[in-house]
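Throughout, read-outs are computed from the coordinates displayed, never taken from laboratory work. Treat the numbers as computed from the prediction; the structure is a model and nothing was measured. When we count neighbours, we look across all protein chains shown, and the Cβ atoms used for this are built from the backbone with ideal geometry, even at glycine.
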Amino acid sequence: MEDPAIRALTLRHLQFFSVLMQEGHFGRAAQRLAITQPALSNAIKQMEKLLGAQLLTRTTHRLEITQLGTEVLARTDFLVNTVDLALQDIQQVVQRGRSLVRMGVIPSASTRMAMAVNAFKPAAGPAVEFTWRDAPSTVLLQEVREGRLDLALAAITEPPDGLTCIELFQDPLVLVVRRDHPMARDGKASWKDIGHERLVLFESGSMPAIGEPARAQFGQGTQAPYHVQYSETLYALVRGGMALGLMPQLYTTSLHDPELTVLALQEPRIERRVVLVYRQGPIRNAAARDFIEFLREHLTGATKRSVRRMSRRSGHAKPGGTLDKAR
């Protein structure tokens, strides 16, 4: 049964708690909120009293959140973000006659997302304005959970908790080599072929989860790979003959370099899953709901599968298949 005291919590309490944890300091948080430090401290104590639980541990020099406080903060941030974004939406509709759709996308899928936005024809109602957020999948998933984004295209290794997740397509790993490399003539390569070559791959994003296990399991390489942050650095190392590039195929769609060749990497073929994610429950506005439905049709084609409902498989690969851990 719900405790009536919790109904006394206000948005102001939640905003104060959220900002305090962002700043990690009462003085800085009070300054940002344009209130006095004692007023902020009293508001947090009142919040704890209404909840009947301690959210913070306070010492002279440190401010730490309790385990229960961490759980409360996740829900607080979502509510605060949702209210802030709803107010911005109201302002956009009233003042500009536009609905906002906030979307995130991993950089490698940005071309497909841009084409989808261009093809989207909203139903009758306010015009639609899109905001873009390009970031690694881990960041996008967190911002969808927090309510900062309405939806995101992300690459995953396993279904994310607490989100609706629709598989759109699979993105295989490929090999980027110099055009004069012996393997370039075949148009494809196997893991056995590259077993003793030095590789270069991304140090963040989905590659640590799929590239490193695959290299360790199938590559049998003797040289430690290079790790880089940006695709141009990867291409530069390949052009210089220092390594072969291992990357998801999506990254190569905009590669137009006469010195480089992209090879299908097989035996086994290893893929990552590119998915559409959004929060479970009601969608924030009609434009976001319509765009989500459009993406499901536009990017999946005839086959639509919910990763959320898929059973998790063992982390082994079969010849000609995929490394299940990498999905």
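Descriptive notes on the structure:
- In terms of other Cβ atoms within 10 Å, F78, F16 run from fewest to most in the order F78, F16.
- Part-to-part distance (alpha-carbon centres) for the range 175-214 and the range 82-142, which is given in Å: 35
- Taking every DSSP helix (H) stretch of at least 4 residues in the chain, weighting each as -39,500 (n - 2.57) and dividing the sum by the residue count yields a mean residue ellipticity at 222 nm of -11500 deg cm²/dmol.
- Cα gyration tensor shape of the range 75-125, rounded if a/c is under 1.5, else prolate or oblate by comparing a/b with b/c: oblate
- The 3J(HN,Hα) values that the Karplus relation (6.51, -1.76, 1.60; θ = phi - 60°) gives for the range 68-84 are, in residue order, 5, x, 5, 5, 5, 4, 4, 6, 4, 4, 4, 5, 5, 4, 5, 5, 4 Hz. Gly and Pro appear as x.
- The phi-based Karplus calculation (6.51 cos²θ - 1.76 cosθ + 1.60; θ = phi - 60°) puts the 3J(HN,Hα) values of the range 141-156 at 4, 5, 6, 5, 4, 7, x, 6, 10, 7, 6, 7, 9, 9, 9, 10 Hz, whole numbers, x for Gly and Pro.
- Ratio Rg/Rh [Cα only; Rh per Kirkwood] for the range 4-79: 0.93
- Whether the range 169-271 is rounded, prolate or oblate, judged on the alpha carbon gyration tensor where a/c under 1.5 counts as rounded: rounded
- Relative contact order for the chain, counting Cα pairs under 8 Å that sit 6 or more residues apart, in percent: 20
- Protection proxy ranking, peptides 34-40, 145-151, 232-238, average beta carbon neighbours within 10 Å, highest first: 145-151, 232-238, 34-40
- Amide H contacts under 5 Å for R198, placed H, 5+ residues apart: L244
- Backbone amide hydrogens, once placed in the peptide plane, bring L55 within less than 5 Å of nothing, excluding anything fewer than 5 places away on its chain.
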